1. For segment 580-594, in order, what is each residue's ³J(HN,Hα) by Karplus, 6.51 cos²θ - 1.76 cosθ + 1.60 with θ = phi - 60°, in whole Hz (x at glycine and Pro)?
2. So with the 1.4 Å probe, I'd like the accessible area per residue for segment 305-444, rounded to whole Å².
3. Using 1/(1 + (r/R0)^6) with R0 = 51 angstrom and r between the beta carbons of Val66 and Cys430, what's the FRET efficiency to the nearest 0.05?
4. Give me the number: length gained by fully extending Lys649 to Ser442, i.e. 0.36 nm times residue separation minus the C-alpha to C-alpha distance, one decimal in nm.
5. What's the carbon and sulfur percent of segment 375-511's accessible surface, probe 1.4 angstrom, rounded to a whole number?
6. At Ala35 and Ala17, where each label point lies 7 Å from the Cα along Cα→Cβ, what is the point-to-point distance in nanometres?
7. Show me, for segment 165-170, the HN-Hα J-couplings you get by feeding each phi into the Karplus relation (A = 6.51, B = -1.76, C = 1.60, θ = phi - 60°), rounded to Hz, glycine and proline as x.
8. In segment 190-265, carbon and sulfur make up what percent of the accessible area (probe 1.4 Å)?
Amino acid sequence: MTRFGKRLSQAMLSVDAWFDSSMFEAGRRSGDLYARSQAWSDRITVRGWRWAFVDGACEALNLGVVAAVALLALAYPIYGSISDDWLKKTDLAVTFLDHNGAEVGRRGILHDDGVSLDQMPPYLPEAVLATEDRRFYTHFGIDVIGTLRALTVNARASGVVQGGSSITQQLAKNLFLSNERTVARKVNEAFLALWLETHLTKRQILQLYLDRVYMGGGTFGIQAASQFYFGKSVRDVTLPEAAMLAGLFKAPTKYAPHVNLPAARARANDVLSNLVDAGYMSEAQVYGARLNPATPVDRTRTVSPDWYLDYAYDEVRKLVDAGKLGDNRVLVVQTALDADLQKKAESTIEDELRQNGPAYHAKQSAAVIMQPDGAVRAIVGGRDYGSSQFNRATDAQRQPGSSFKPFVYLTAIMSGKFKPSTTVVDGPVCIGTWCVHNYGNSYRGALPLQVALTHSLNTIAVKLSIAIGNGNPKVGRARIIETAHAMGLTTPLPDTVSLPVGADEVTVIDMATAYSAFSNGGKRVAPFAAIDIRNGRGQVIYRHEVDGPQPVQVVPAADVATMNNMLTHVVNEGTGTRARLDGVQVAGKTGTTNNYKDAWFCGFTGNYVGAVWFGNDDDSSMNEMTGGTLPAKTWHDIMAFAHTGIDAKPGYGIETGAGTAAVASVAPGALVQTLSPLRPAVLSPRTVAVIGAIGQMTGRRDKPEARRDDLGRLAGDAAIPPVSLNGNRFSVQ
């Protein structure tokens, strides 16, 4: 071995020895450290009740860490949606006009009339703090004590009777979130409250809250409310007036003085007591305000279309974000709103819920009325805007049930395999382990496709999805989803086996938009409220007919015409008869979901399209409400008003008098009568001749014996097969 080799070998041995000794020493020291830690742990070991307390605290800490991570994961996406100029984006001042040019409301901040806290009477913000958030200046954005108190009170009352949200949390909701009552929203609200506390001072938070909170009567912000209720600036309100304004925060509609003055005054008296309890004033100081309560100006006839204005304001904000309005922040927007139709829609829904809601266990409803070109004429987002500003017409996602089936049938017609007279068989059908059943758990046997739609048979919708995909239901459902999205549905529509019977969730405004494509001949339209927008100098900066999205032909017009004529039968003799209008041809479809959680009617004429939904916010079941009951009746009442005094037009391609004859279920032994040209394809030429002969006999009323002889010959003709329908066999009597 060379000298170099010997040196290399010695060096390797030295490295190996060093590594071995280092590892041994590290192991020895680790052992000593473990022994010492064990000895230290033994000295602090607890037993008995102390052990149970420590163990419980450790478990609580572990669960708390896991819960904090989960909550942070839920809240993280909302932070990504907050831009650097978030505060500037909210500084819009928008005045809205209806389609006739009359002012109907405002949204955003009042730039020209902003009133700072320093300019307000001190008792006004004090009244708000004493009533809404007494620990506002001491908590970190979340009032833990107030939240625990609210939870305790609500638990004792077995319901929500007291809110626990701080002013910061309420501002976070108003600035960034919707009014939807979900756990995710409450989590986001809490994290955003913490974020606001780190980015704004307490005075800034209170100022923003007072400028943006809803105060009833269509007003947002305390300055607008003061002008509306008392006809004066908030700078000049008296103590009784300040107390009445502060009392509106809890329930603006319930305590609005132009709606219920006694309730408003009683609430103001509670606010005065809060001022005393919080130490801002003495009883002697509020005594005069108790004796002389505020008297508002007369606004009894004022009704604000708040649901519609929220939708229109959101549309304007999207246009601002897209850069289509430049740097303008003071805007005047003329909308497509029909104020009278809006009032009619709201009153109709309120009347139905008040009179019939308890019997059906229904507490909420929503409706959207638009023109076939997408111009939204009315929106009702719920029963009471003051108690909940969540817009169920635009934001709530609910299962449409059978009102989704027109997209299935249209896709089938577009495939070229089906037409209204095509015979289909109503019978059991399963996909894997999932089996669909009809309403009433009965089957009708062979029948025309038209009749299947008229009576909303679930089995046929599923069988069509299979046939559309050439035996592959997944392919068929994909094509149905493509059709539905093309026509205007924007929700994801996950591919599930129950999709053809309306199990995927949609919004009310989406259903109205998609049904507009039926009314206008297959063109997809974008729903819109803003017709034109002017800046503060009166210059037109946006006009929908020029700058807005234009209609796009998405499905063949001829197939839409076929589908529309089928939908008229649903209204004339099917599940939607309560939606019929005198002198106006209506086409539409009812919808009812499992356990009666949702009930729909979606329909159209050549003038208007409307979607109506009934249900409950907590997703509880109603008492056997179907789409053909209150939804169809409500649609009828609203649309009857909408068509008053106008030239009524049928939907695209609807034949005059279409659907006036009945194709209905027939009891055994009855004469089977079908519509021409919708007779089943299985009829033989001889049978067709017999039906024609029966028609000729209608002119022989003066010779009843001749008719009896003709019927006798027909009944005795062995060459004529009995007609089969709904699984029964009938002979001509």
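1. Once θ is set to phi - 60°, the couplings for segment 580-594 become 4, 10, 5, x, 10, 7, 10, 10, x, 8, 7, x, 9, 9, 4 Hz.
2. Numbers: 5320 Å² over 140 residues.
I get 38 Å² per residue for segment 305-444.
3. Numbers: r = 41 Å, r/R0 = 0.81.
About 0.80, to the nearest 0.05.
4. This chain segment gains 70.8 nm when fully extended.
5. Values: 2400 of 4460 Å².
Whole-percent figure for carbon plus sulfur exposure: 54.
6. In this crude spin-label approximation the distance works out to 2.7 nm.
7. Using θ = phi - 60°, the values come out as 6, 6, 4, 5, 5, 5 Hz.
8. On the way: 1390 of 2440 Å².
The C+S portion of the solvent-accessible surface of segment 190-265 is 57 percent.
The values are calculated or read from the model by the stated rules, or taken from the named source; none is laboratory data. Quantities reported herein were computed from a predicted structural model and do not represent experimental measurements. Cβ atoms come from the backbone with ideal geometry, glycine included; neighbour counts cover every protein chain shown. Remember, those area values only see protein heavy atoms, side chains included, never the ligands or the DNA or RNA. Shrake-Rupley method; radii C 1.70, N 1.55, O 1.52, S 1.80 Å.
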